[in-house]
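The values are calculated or read from the model by the stated rules, or taken from the named source; none is laboratory data. Here the structure is a predicted model, which means the values were calculated and not measured. Using ideal geometry, Cβ is built from the backbone for each residue, glycine included, and neighbour counts are taken over all protein chains shown. Ligands, DNA and RNA are stripped out before the accessible areas are found, and what is left, the full protein with its side chains, is counted by its heavy atoms. Shrake-Rupley method; radii C 1.70, N 1.55, O 1.52, S 1.80 Å.
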Amino acid sequence: MNGAETTSDRVLNDAKKSRRRVGIFGGSFDPPHMGHISVAREVLEVLALDELVWVPAFRSPHKLEAEQAAPLIRLHMVRTATQSEPRFRVDDCEILREGLSYTVNTLREIKADAGGESSEIFLIMGADQYAFFDRWREPHSIRELAKIVVLDREGSTGVEEVGVIRVPMERVDISSTEVRARIACGDSIKGWVPNGVSLLIEREGLYRS
């Protein structure tokens, strides 16, 4: 191994510490689907997290032109999708704050609520998001508030970079865009989203053309 610390080695060492390990998983979740659930469960185990916090955005500054389901409906869908896993928690701070949802503000709020220095915060994002991370609001502050966890579907070795933990992930061929497209075409989304989410979509008449 040439002395390189793998993700698994680091997690085992960190797990011996007493600080509470909290993952932050943000997004539009429009709608939340089985790919989100699969990734969240994998990260929960790989990083030995005590809790994974889902944070639905009121409005992402990276998706200003996209039409979205109403924030409260997306919040309800995320709560429904995550209710079967006791280590999942949904935080509505961005929904209540309204306006554009900036990660740095959310991290400050969640870190304070989680006990400040008594908790270790892990910000989870995809490799596509990390590619333009330096254009986010206050990226240096974000790095000070949380460890960056990048979900790498391209076969990363799992070696930790400076300030970044890359977690190898199997590619999940499902996206919210595909789910919305299937609904608009009248195709079934069975197995694509949790059953409770499917019922909410049907009840609210979401994503129909």
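Total lysine pairs in the chain at Cα distances under 29 Å, for residues eight or more apart or on different chains: 8.
Helix 103-113 and the longest principal axis of the C-alpha atoms of the chain enclose an angle of approximately 70°. Heavy-atom accessible surface of the chain, averaged per residue, reaches 53 Å², computed with a 1.4 Å probe.
Local charge for MET77 was computed over the other residues whose Cβ lies under 13 Å away, with Lys and Arg +1 and Asp and Glu -1, and equals 0.
Size descriptors for the chain, from the alpha-carbon set: Rg then Dmax equal 17.2, 56 Å. If you wrap the Cα atoms of region 43-86 in a convex hull and average its projected area over all directions, you get 4.1 nm².
Across the options GLY163, TYR130, HIS76, the greatest Cα extent toward the positive end of the charge dipole of the chain (unit charges at beta carbon of Lys, Arg, Asp, Glu) belongs to HIS76. The trypsin sites (Lys or Arg not before Pro) of region 108-149 that DSSP puts in a loop, and whose beta carbon has at most 13 other beta carbons within 10 Å, are ARG137. Put a plus charge on the Cβ of each Lys and Arg, a minus charge on the Cβ of each Asp and Glu, and nothing anywhere else: the dipole of region 75-209 about its Cα centre is then about 340 debye.
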